Amino acid sequence: MSGILEVDRVSIAFGGLKAVSDFHLSLPKGALHGLIGPNGAGKTTLFNMLTGVYKPDQGTVALEGRRIDGWAPHRIAAAGLARTFQNIRLFKELTVLDNVRVATHARTRVTVVGALLRSLAWTGEEAAVTESAEQLLGLFDLASRAHEQAGNLPYGDQRRLEIARALALRPSVLLLDEPAAGMNPQEKIELRRLIQRVRDEFGLTVLLIEHDMGLVMDICENITVLDHGVVIAVGTPHEVQRDPAVVEAYLGTGH
Amino acid sequence: MADPAITKLLQTTMDAMAVGSLYALIALGYTMVYGILRFINFAHSDIFMLGAWVSFVLARALGWAAPGAVAPVWAGPFAIVFVMVTCGALGFTIERLAYRPLRSAPRINVLITAIGVSLLLENVGQLPAAFGTQPQRMPTLLPDVALAEVGGVILRSVDLTVIGVAVVLMLVLEWVIYNTKLGLAMRAVSTDTRVAALMGIPVDRVISTTFVIGSSLAAAAGFLAAMKYPGLNQPAHSTWVLLGLKAFVAAVIGGIGNLRGAVAGGLLIGVVELFGAAYLSPHLRDVYVFSLLIAVLLFRPAGLLGQATVEKV
């Protein structure tokens, strides 16, 4: 149990359907790990369990040595597990800057009375929060659009803003759910650089769901392959590509 | 000698602003809760009623309601803070006990629960240990002096205080919503509750805070209404229901979920109701308000400042 994210024998069923069974994953700090599998394999379900949207039926999740399974989503996020979404889910009516500030704010405690009192007393906290949000936007080339409504950004910018927003939580582990979906080849090249840069500059550990095999094989050191909720292969991109079970899951039998 | 027509116009405008700003204060609570939870909190108008009655009970307990008693200068400020705190706490409790357990239930269940809470408050309010079933007369807790005469209208300090306090509270709310982290969290939760939680926002606390703020604004409106109209009907009287209903109409007319819409809707209703009563017929004042509602729903169903949502298929 030395990894920054330890997922041990996690399972969940919806009705009679086992969506994920006995999933295991151990990510060392700084890892860039891929999670692939055919549609419906349970990848996003796994993300939902890690981030507290679903509670696993069995198994444990530990972040930096602390058990987080069963926690409410906002506590898990504040503890350092951040994510993006397969279908972009920005706060569309808020500005680009506010989208990032929302997540920055989360690091400080909010109580009903405390929030009211602090809201009424200017503490300088607001200014610091805005400044750090602006810095983050600068890193993502979004500074010039800070005051636009997030929903009005072009698609590629929205994808990058989602990553910026997740980073505002100052996470130790970042879960990216198909960040390249809908991107053109040029944007994918930029995204690849961005993911690597973010990992290095923020000292992050990244778990990446992606259907673009070129991207996954290129940047991930290790890959876990899911099919029907079961891990069918784990290894380096090279190993995984040659694994007969993986080939069968993707292409069917008879090859 | 002032022209009577101008006097009437000025007097009606003054009253419309006072009544309208009270509607606006109540409408803000309806619209804030709707914006976040997408349900109509029918118990909200009862918080308004409680704001008025709690201030009466407070005044009676402190001896300000006795015949010939004169309330000290600090009575008004103290009473408004007192009712805002107690009703804020009540709003917190109602949300915690009645609505939070139903967070993942179908919305109709929450709606019916809200009606239940409303009936509960009205009926408990009638108990002898609470407010009883007799109407009462609210003592004057605010300085009531004639400040000036403009065009034949006497500007009374009570009227100006009602308008002034309502405006200040609305400005504070506006500032909280658009300039503080709490306000940002509220806006994020109202846009996408689940994602807000995943971005580290304690959604339940934000919802609790919303109820506290909405309830204390309604309580303030209750206190101010009791200052302007000191005759307090018994807690379950239909006048309370009707006032709350009109505030709800104000929220809908402005665009439910939209704060500035609620304020605009409240003022508009105040104008329509009082000008209709003054210039057409005083017996039909409710008719004007609900006719306006029907017109808005027919021609601009999302409300004056609301954005029409397009259902994607």
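Some values worked out for this structure:
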{"quantity": "Residue match in the range B:37-48 (condition: surrounded by 23 or more Cβ atoms within 10 Å (Cβ to Cβ) and not in a helix (DSSP H, G or I))", "calculated": "yes"}
{"quantity": "Hits in the range B:149-174 (condition: touching a Leu at 6+ places or on another chain (Cβ under 9 Å) and within 13 Å of another protein chain (Cβ to nearest Cβ))", "calculated": "B:Leu169, B:Val172, B:Leu173, B:Glu174"}
{"quantity": "Yes/no for A:Lys29 being at pLDDT below 95, part of a strand (DSSP E or B) and either of a type outside the set (Gly, Ala, Ser) or within 30 Å of B:Asn258 (Cβ to Cβ) (or both)", "calculated": "no"}
{"quantity": "All positions within the range A:160-201 that are polar (S, T, N, Q) and closer than 21 Å to A:Arg89 by Cβ", "calculated": "none"}
{"quantity": "Residue ranges of helices (runs of 4 or more DSSP H) in the range A:142-255 with at least 1 members under 17 Å from the mean Cα position of the chain (by Cα)", "calculated": "A:155-167, A:185-202, A:213-219"}
{"quantity": "Odd one out for A:Glu131 among (1) surrounded by 13 or more Cβ atoms within 10 Å (Cβ to Cβ); (2) at pLDDT below 90; (3) part of a helix (DSSP H, G or I); (4) not aromatic (Phe, Trp, Tyr)", "calculated": "(1)"}
{"quantity": "Answer from B:Leu155, B:Leu171, B:Leu121, B:Leu147 - the residue that is in contact (Cβ under 8 Å) with a residue 12 or more places away in the chain and not in a strand (DSSP E or B)", "calculated": "B:Leu121"}
{"quantity": "Residue satisfying all of: in the range A:73-104; assigned to a loop (DSSP other than H, G, I, E, B) and touching an Asp or Glu at 6+ places or on another chain (Cβ under 8 Å); nearest to A:Pro171 (Cα to Cα) among these", "calculated": "A:Gly80"}
{"quantity": "Filter pass, B:Pro143 being surrounded by fewer than 20 Cβ atoms within 10 Å (Cβ to Cβ), at pLDDT below 90 and on the phi < 0 side of the Ramachandran plot", "calculated": "yes"}
{"quantity": "Subset tally (residues that are touching a residue at least 40 places away in the same chain (Cβ under 8 Å) and either assigned to a loop (DSSP other than H, G, I, E, B) or not small (Gly, Ala, Ser) (or both)) for the range A:1-26", "calculated": "15"}
{"quantity": "Those residues of the range B:176-202 which are among the polar types (S, T, N, Q), assigned to a helix (DSSP H, G or I) and over 20 Å from A:Ala79 (Cα atoms), in sequence order", "calculated": "B:Asn179, B:Ser190, B:Thr191"}
{"quantity": "Filtered residue count, the range B:200-259, keeping only those that are more than 15 Å from B:Met49 (Cβ to Cβ), touching a residue at least 40 places away in the same chain (Cβ under 8 Å) and within 14 Å of chain A (Cβ to nearest Cβ)", "calculated": "12"}
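The values are calculated or read from the model by the stated rules, or taken from the named source; none is laboratory data. Predicted, not measured: the structure shown is a model, and the values here were computed from it. Backbone-built Cβ (ideal geometry, glycine too); neighbour counts: all protein chains shown.
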